[in-house]
Amino acid sequence: MNHPDVPEPADHYFTARPASAEERRTVAVRLAGRDVEVEVASGVFSPGRVDLGTQVLLRETPPPPATGHLLDLGCGWGPLALTMALEAPGATVWAVDVNERALDLVRRNAARLGLENVRACLPDDVPADVTVAALWSNPPIRVGKDVLHGMLRTWLARLAPVAPGDPAGGAWLVVQRNLGADSLARWVDAELGAPLGVAVERAASAKGYRVLRITR
């Protein structure tokens, strides 16, 4: 569900059918400082590698909180969710996507890596009482502003307050600069700042991407 480096068909984000055994393949990637093998398939974002934006986010974001609920919004095959689960085995990691094929891959990859703290599910299946200590996302910019803004309104409202001095809490988003990272930051500040009690800052810039941190 994350934005691709190049345009792809709209149904890229909404493939309902899990990949068959013939469609899945195994690739080697590096997550949380470890060389691991994961299953990928066409019909999800960046099949076959950790895309550049996600690499930037993983490099520039501190390790997640050790406990509580963590969320990967638009999880794809799971690089962010799997990293959070590896780095914070005491936390519950929610891998959220509208793409059933992606969710199936996350479940398979979590099982492959022995991660029992990953919950891959549709957005509406995250319990209403869950508040999120940290949210990581390479958001689906290409779905359009209305959809993207609706997602952020929904999930930023579920952020737990960040304690003073906490370097890891809040929402961490990576967005290409030329796809509107700065305008998105301005929108969050103007439209969500007062209503949700959130603040946005540019945490890092690298490789044509911005990393935005949003805290309550």
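For segment 184-199, does any single residue satisfy the condition of being at pLDDT 95 or above and at positive phi?
Yes, segment 184-199 has at least one match.
Need the failing condition index for Leu152 against (1) outside any loop (DSSP other than H, G, I, E, B); (2) closer than 21 Å to Thr61 by Cβ; (3) in contact with a His (Cβ under 7 Å, 6 or more places away or on another chain), just the number.
(3)
Please indicate, with yes or no, whether at least one residue in segment 123-141 is hydroxyl-bearing (Ser, Thr, Tyr), at pLDDT 95 or above and either surrounded by 22 or more Cβ atoms within 10 Å (Cβ to Cβ) or in contact with a Gly (Cβ under 6 Å, 6 or more places away or on another chain) (or both).
Checking segment 123-141: at least one residue is hydroxyl-bearing (Ser, Thr, Tyr), at pLDDT 95 or above and either surrounded by 22 or more Cβ atoms within 10 Å (Cβ to Cβ) or in contact with a Gly (Cβ under 6 Å, 6 or more places away or on another chain) (or both).
Before we move on, is Val147 of a type in the set (Val, Ile, Thr) and either over 29 Å from Glu39 (Cα atoms) or buried (at least 19 other Cβ atoms within 10 Å of the Cβ) (or both)?
no
Do you know which of the residues in segment 150-169 that are over 17 Å from Cys75 (Cα atoms) and crowded, with 16+ Cβ neighbours inside 10 Å is farthest from the chain's Cα centre (by Cα)?
Val162
Specify which of the listed residues (Leu115, Leu86, Leu57) is within 13 Å of the chain's Cα centre (by Cα) and under 24 Å from Ala160 (Cβ atoms).
Exactly one residue qualifies, and that residue is Leu57.
Working only within segment 135-166, note down all residues that are among the small types (Gly, Ala, Ser) and under 22 Å from Leu105 (Cα atoms).
If the condition is that a residue be among the small types (Gly, Ala, Ser) and under 22 Å from Leu105 (Cα atoms), then Ser137 is the only one that fits.
The values are calculated or read from the model by the stated rules, or taken from the named source; none is laboratory data. All values reported here derive from a predicted model rather than from experimental measurement. For neighbour counting, all protein chains shown are included, and Cβ atoms are generated from backbone atoms with ideal geometry for every residue, glycine included.
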